[in-house]
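All remarks here apply to the structure that follows.
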Amino acid sequence: MLNNSSFIGYIITEIVFTSSDDKQYCKFKISVPRNYKKPSDEYTPSDVIPCIAFNLKAEMIHLNFKKGKKICVSGRMESSKYTDKDGVTHYDLALNVKEWYFVDPKPQPLEYYEKEFS
């Protein structure tokens, strides 16, 4: 079966990076604007997509991005459920990130600008 989703949006939460001996992961949410307007010429609300990335992908996202930056992510949507201490069942849906891309140009190191303009 096919389960592949791609989104371009802005990171709207701090990236929570967790590392243990054998596993690394990060969690964050992105806001993806809808590409149509209401009849009153206003944009509709954005969709919020929870994301999770593992191992090297998680480390690279944590090092290269922060809240407010634009990112392109691709992966599979995965659902999960859990029961809390009160016996209430909760359902979650998140994008398991398999690929990520820079959307805005990555800033150059200071040495690049010193050579370019000196």
task: On a 0 to 90° scale, report how tilted helix 55-64 is relative to the longest principal axis of the chain, with both axes built from alpha carbons and the result rounded to the nearest 10.
output: 50
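Any of LYS29/LYS81; LYS38/LYS66; LYS37/LYS69; LYS27/LYS98 with alpha carbons more than 22 Å apart? Name them for me.
LYS38/LYS66; LYS37/LYS69
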message: Students often forget the sequence filter, so: which aspartates and glutamates lie under 18 Å Cα-Cα from LYS70 once same-chain residues fewer than 8 apart are removed?
response: GLU14, ASP47, GLU59, GLU99, ASP104
task: May I ask for the net charge around LEU56, where only other residues with Cβ less than 13 Å from the Cβ of LEU56 are counted and Lys, Arg are +1 while Asp, Glu are -1?
output: +1
- prompt: What percentage of the solvent-accessible surface of the chain, computed with a 1.4 Å probe over protein heavy atoms, is contributed by carbon and sulfur atoms?
  reply: 52
- request: Roll a 1.4 Å probe over the protein chains and send me the accessible area per residue for segment 64-107 in Å².
  value: 71
message: Once the cut-off is 20 Å, how many percent of the Cα-Cα pairs in the chain end up in the long-distance tail?
response: 54
Computed [θ] at 222 nm, deg cm²/dmol, the chain (DSSP H ≥ 4; -39,500 (n - 2.57); rounded to nearest 500): -4500 deg cm²/dmol
task: Order MET1, MET60, most accessible first, counting only protein heavy atoms with a 1.4 angstrom probe.
output: MET1, MET60
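The values are calculated or read from the model by the stated rules, or taken from the named source; none is laboratory data. What you are looking at is a predicted structure, and each value in this text was computed from that prediction instead of being measured. Backbone-built Cβ (ideal geometry, glycine too); neighbour counts: all protein chains shown. Remember, those area values only see protein heavy atoms, side chains included, never the ligands or the DNA or RNA. Shrake-Rupley method; radii C 1.70, N 1.55, O 1.52, S 1.80 Å.
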